[in-house]
1. Give the residues of region 179-199 that are closer than 14 Å to residue 109 by Cα and out of contact with any Ser or Thr (no Cβ under 8 Å at 6 or more places or on another chain), sorted by residue number.
2. If you check 104, 99, which single one turns out to be under 18 Å from the mean Cα position of the chain (by Cα), closer than 30 Å to residue 17 by Cβ and surrounded by fewer than 16 Cβ atoms within 10 Å (Cβ to Cβ)?
3. Given 40, 21, which one is at pLDDT below 95, of a type outside the set (Phe, Trp, Tyr) and part of a loop (DSSP other than H, G, I, E, B)?
4. Tally up the residues in region 2-30 that are under 23 Å from residue 169 (Cα atoms), loosely packed, with under 13 Cβ neighbours inside 10 Å and touching a strand residue (DSSP E or B) at 6+ places or on another chain (Cβ under 7 Å), please.
5. Checking residue 160 against (1) outside any strand (DSSP E or B); (2) among the hydrophobic types (A, V, I, L, M, F, W, C); (3) surrounded by 18 or more Cβ atoms within 10 Å (Cβ to Cβ), which test does it fail?
6. So which residues in region 117-149 are over 26 Å from residue 9 (Cβ atoms), open to solvent by 80 Å² or more (accessible area, probe 1.4 Å) and either assigned to a strand (DSSP E or B) or in contact (Cβ under 8 Å) with a residue 24 or more places away in the chain (or both)?
7. Looking at region 167-182, I want the residues that are over 24 Å from residue 72 (Cα atoms) and of a type in the set (Val, Ile, Thr) and have a partner that is in a loop (DSSP other than H, G, I, E, B) and open to solvent by 60 Å² or more (accessible area, probe 1.4 Å) with Cβ atoms under 8 Å, at least 6 apart or on another chain. Which pairs are those?
8. Check off (1) open to solvent by 40 Å² or more (accessible area, probe 1.4 Å); (2) of a type in the set (S, T, N, Q); (3) under 12 Å from the mean Cα position of the chain (by Cα) for residue 171 and give me the number that stays unchecked.
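The values are calculated or read from the model by the stated rules, or taken from the named source; none is laboratory data. The shown structure was predicted, so the numbers you read here are calculated from the model rather than taken from an experiment. Quick reminder, even Gly has a Cβ in these numbers, built from the backbone with ideal geometry, and neighbours come from all protein chains shown. Surface areas here come from the heavy atoms of the whole protein model, side chains and all, with no ligands, DNA or RNA. Shrake-Rupley method; radii C 1.70, N 1.55, O 1.52, S 1.80 Å.
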Amino acid sequence: MEYTANQITIRGTLFRLPELSHENHGKQFYRFLLEVPRLSGTVDLLPVVVREDVLNQVDLSGGMSLTVQGQIRSHNNHNPTGQRLLIFVYATSIEACDEEPANEVCLTGALCKPPVFRKTPLGREICDIMLAVPRAYRRSDYLPCILWGRTAQEISQLTVGDSITLSGRMQSRQYRKVTPDGEEIRTAYEISALCASPT
């Protein structure tokens, strides 16, 4: 596959059948969740958006695993209660298969916020970053990433505008959000980096 600044391959099973998401420039797009287990046994539920013509090329009735290739995209969702950054996998190909789960991400982008370095109560070092990953037509996807240990230390020394390349996996995480209507359980998506380096 030709190198780009944003690549993801995930392999797992359908959580539920695809549903119509939206229409854009006369094309229909569908959305579904893919269950992708980690080695630890935790399961990530990852949102996938795909054009109808790409979806129609795969048979979803077999109950087999699906391999999804594409890019991680972000979209600002404006609603009356505020703005939320939606993160999802934009699928460029989907294939039915009978292989082990996979979750592989490669990104190159620039830091668009100062890195946030912290330690867990047990002393584990973590660095949170927001990566602006370029896309066609002078657009960018803004992707939250988390780094660990020595990599977290190194990347925390960088400043806004510095470019990095990282590889890792996309993961889901639930959190509690207090809203005017009460407490909600929401799901956040981020890229957990296995390795990262300035470029």
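1. Hit for region 179-199 is 191, nothing else.
2. 104
3. Selected residue: 40, the only one of 40, 21 that is at pLDDT below 95, of a type outside the set (Phe, Trp, Tyr) and part of a loop (DSSP other than H, G, I, E, B).
4. 1
5. Residue 160 satisfies all of (1) outside any strand (DSSP E or B); (2) among the hydrophobic types (A, V, I, L, M, F, W, C); (3) surrounded by 18 or more Cβ atoms within 10 Å (Cβ to Cβ) except (3).
6. Selection gives 117, 118, 119, 124.
7. Matching pairs, first to second residue: 179/81.
8. Going through the list (1) open to solvent by 40 Å² or more (accessible area, probe 1.4 Å); (2) of a type in the set (S, T, N, Q); (3) under 12 Å from the mean Cα position of the chain (by Cα), residue 171 breaks only (1).
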